[in-house]
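*Asks:* My questions all concern the structure below.
The values are calculated or read from the model by the stated rules, or taken from the named source; none is laboratory data. In this text the structure is predicted, and so the values were computed from the model without any measurement. Positions of Cβ are backbone-derived with ideal geometry, glycine not excepted, and every protein chain shown enters the neighbour counts. To get the accessible areas, we keep the full protein, side chains included, count just its heavy atoms, and leave off ligands, DNA and RNA. Shrake-Rupley method; radii C 1.70, N 1.55, O 1.52, S 1.80 Å.
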Amino acid sequence: MESKKNLVLLGMMASGKSTIGNLVSKKLGLKFYDTDKIIEKEMNMTISQIFTEKSEIFFRSLEEKTVFKILKNKKSVISLGGGAFSNEKLRKEIVSNHISFWLDCSNKTLINRIRKNKRRPLANKLTNKELIELIIKRKKNYMKANFRIDCDKLNKIQTINYIAKLYETI
């Protein structure tokens, strides 16, 4: 059975949503949307710059509008920003009308990846303890996704194949 619903990837920053999303979309022959990249292109600023020069409130408002606009597409792969699923309106829409996959990585894996990338606006200022608190807080929402993918037990190819197989059977 072929799904007409969007495949939505969510999870913490550095969980692999953009990389996995791009590769899953190619495997399935679907269009790929990376919401953070779309926002950066639209604003001609990095997410970090938007946080610094505008505000997190400004970014979250723009993120909500952007994600709702992208969700109007059908049969697409959509990679959300790490905080997007914390938005209750977005979360309800995604869980009810799309197929959502939480890319769940261990705290250790996430912190190692986050520390390697200086483009993470929230994480740059946080200690490891504060990052773990943010991860725990966000996981309460991520758990509401339709599917949880344990990324520490699967390599990239296995993750892509598993998500594609699940999507194709829905």
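*Asks:* For region 67-90, which positions are under 15 Å from Met12 (Cβ atoms) and in a helix (DSSP H, G or I)?
*Replies:* Within region 67-90, Ala84, Phe85, Ser86 qualify.
*Asks:* Right, another one. Is there a residue in region 46-63 that is outside any helix (DSSP H, G or I) and either more than 26 Å from Leu154 (Cβ to Cβ) or touching a Phe, Trp or Tyr at 6+ places or on another chain (Cβ under 8 Å) (or both)?
*Replies:* yes
Listed here are the residues, each with its yes/no results for (1) open to solvent by 80 Å² or more (accessible area, probe 1.4 Å); (2) at pLDDT 95 or above; (3) hydroxyl-bearing (Ser, Thr, Tyr); (4) closer than 27 Å to Ser55 by Cα.
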residue: Arg91; (1), (2), (3), (4): no, yes, no, yes
residue: Asn97; (1), (2), (3), (4): no, yes, no, no
residue: Leu131; (1), (2), (3), (4): no, no, no, yes
residue: Met143; (1), (2), (3), (4): yes, yes, no, no
residue: Asp150; (1), (2), (3), (4): no, yes, no, no
residue: Lys165; (1), (2), (3), (4): yes, yes, no, no
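*Asks:* Moving on to the next point. When region 101-123 is examined, which residues are found to be under 16 Å from Gly81 (Cα atoms), open to solvent by 60 Å² or more (accessible area, probe 1.4 Å) and assigned to a helix (DSSP H, G or I)?
*Replies:* Correct list: Arg113 only.
*Asks:* Restricting the search to region 33-44, which residues are open to solvent by less than 50 Å² (accessible area, probe 1.4 Å) and either without any contact (Cβ under 8 Å) to a residue 12 or more places away in the chain or over 15 Å from Lys65 (Cβ atoms) (or both)?
*Replies:* Asp34, Glu40, listed by residue number.
*Asks:* Another one. Identify all residues within region 45-66 that are open to solvent by less than 40 Å² (accessible area, probe 1.4 Å) and under 15 Å from Val8 (Cβ atoms); write none if there are none.
*Replies:* Glu63, Thr66
*Asks:* Could you grab me the full set of residues in region 152-162 that are hydrophobic (A, V, I, L, M, F, W, C), more than 19 Å from Ser106 (Cβ to Cβ) and surrounded by 12 or more Cβ atoms within 10 Å (Cβ to Cβ)?
*Replies:* If the condition is that a residue be hydrophobic (A, V, I, L, M, F, W, C), more than 19 Å from Ser106 (Cβ to Cβ) and surrounded by 12 or more Cβ atoms within 10 Å (Cβ to Cβ), then Ile160 is the only one that fits.
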